[in-house]
Amino acid sequence: MKLVILARNPKLYSHRRMVESAEARGHDIEIVNTLRCYMNVTSHRPEVRYQGRKMTGYDAVIPRIGASITFYGLAVLRQFEMMGVYPLNESVAIGRSRDKLRSLQLLARKGIGLPVTGFAHSTSNTQDLIDIVGGTPLVLKLLEGTHGNGVVLAESHQFATSMIDSFRGLKAHFLVQEFIKEAGGADIRCLVIGDKVVASMKRQGKEGEFRSNIHQGGSASVIRITPEERVTAVRAARIMGLNVAGVDLLRSNHGPVVMEVNSTPGLEGIEKATGKDIADLIIAFIEKHAKPHKTKTRGKG
């Protein structure tokens with residue numbers, strides 16, 4: 001097969017591992033800088049070009065699109081889809097998962113467990129917004145934040161109202177969420193491929209830190225998840241329409257709750273924590289499912 005990875009940094013662990021796995025399985029694979037791709041948008045012969053050449057003959061595209069370039073990255077991915085190239089994760093599905101508010105609304109509609117979440121534009125009902133999520137402590141999340149950035153724990157009512165007013169003053173969009181104290185600064189990352197959780201790890205925040213992201217200094221260890229957690233992770237990925245996803249769960253007193261569904265999960269932490277060859281499983285999934293013009297969402301939002 002002929003594969004292409006859309007990514008800006010070919011040296012990242014996740015990208016190197018997928019290249020190694022694809023080549024070990026006998027495939028041709030290359031990494032192209034997403035931002036240096038450009039397009040000929042036409043109804044009869046859509047094209048993606050890169051460094052002056054047409055990108056043709058690909059069986060599958062692996063999107064590793066960073067959050068900061070979501071708009072342009074999805075435009076490039078859609079162009080590949082128009083050309084009939086099989087996407088590991090489809091543009092529509094990635095777009096859903098990148099919109100934190102919309103993804104929570106989609107999950108809520110299907111009955112997935114979530115932290116109680118509030119969202120508002122006006123500051124005139126700040127008190128009611130705080131009451132909705134059970135008061136303080138509460139968590140404030142910028143909709144544009146990634147890797148734990150733009151996430152604040154407000155332990156007092158005064159700090160919560162001050163931060164809400166500050167975010168509003170910056171015209172920033174943010175969520176107000178229930179703080180799951182019983183999680184103890186830990187979450188569970190479930191790596192979903194197709195309809196299976198192929199690996200899971202516990203991420204524990206460093207002492208005094210409620211965020212468990214490895215990017216924020218957290219640690220990772222292998223964990224055995226419950227059947228309910230397994231079903232929740234698979235359902236969450238399916239609702240987003242993602243073939244490969246990192247589903248982040250918290251263990252609450254009322255069962256597993258989904259914090260986020262990540263369409264571009266990193267492989268380093270979970271491969272090293274579990275010893276599993278996730279990159280090889282991803283390439284094997286592509287081998288099994290890649291067919292021309294094969295998409296699930298058919299352009300539906």
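The values are calculated or read from the model by the stated rules, or taken from the named source; none is laboratory data. Since the model is a prediction, treat every value here as computed from it, not as a measurement. With ideal geometry, Cβ positions are generated from the backbone for all residues, glycine too; neighbour counts draw on all protein chains shown.
Being more than 29 Å from I270 (Cα to Cα) and among the acidic types (D, E) narrows it down to one residue among E20, E30, E47; which is it? Before the answer, list the steps.
Numbers: E20 fails: more than 29 Å from I270 (Cα to Cα); E30 fails: more than 29 Å from I270 (Cα to Cα).
It is E47.
Give me the residue from the range 18-75 that is more than 22 Å from G95 (Cα to Cα) and among the hydrophobic types (A, V, I, L, M, F, W, C) and, out of that set, surrounded by the fewest Cβ atoms within 10 Å (Cβ to Cβ).
Here the residue is A24.
Go through (1) within 22 Å of the chain's Cα centre (by Cα); (2) under 22 Å from H293 (Cβ atoms); (3) assigned to a strand (DSSP E or B) and name the single condition A75 misses.
For A75, the exception is condition (3).
Please go through the range 168-178 and give me each residue that is surrounded by 19 or more Cβ atoms within 10 Å (Cβ to Cβ) and over 19 Å from the mean Cα position of the chain (by Cα), ordered by number.
Within the range 168-178, V176, E178 meet the criteria.
For the range 75-124, enumerate the residues that are small (G, A, S) and farther than 19 Å from A233 by Cβ. I'd like the intermediate steps shown before the answer.
Of the range 75-124, the ones small (G, A, S) are 75, 84, 91, 93, 95, 97, 103, 108, 111, 113, 118, 120, 122, 124.
Passing the criteria: A75, G84, S91, G95, G118, A120, S122, S124.
Being touching a residue at least 12 places away in the same chain (Cβ under 8 Å) and acidic (D, E) is the filter here; which residues of the range 1-58 pass it?
Those that are touching a residue at least 12 places away in the same chain (Cβ under 8 Å) and acidic (D, E): E20, D28, E30, E47.
If only one of V192, V116 is within 23 Å of P256 (Cα to Cα), at pLDDT 90 or above, surrounded by fewer than 17 Cβ atoms within 10 Å (Cβ to Cβ) and of a type in the set (V, I, T), which one is it?
V116
State all residues of the range 60-106 that are under 16 Å from L35 (Cβ atoms) and among the basic types (K, R); if no residue qualifies, say none.
R64, R78
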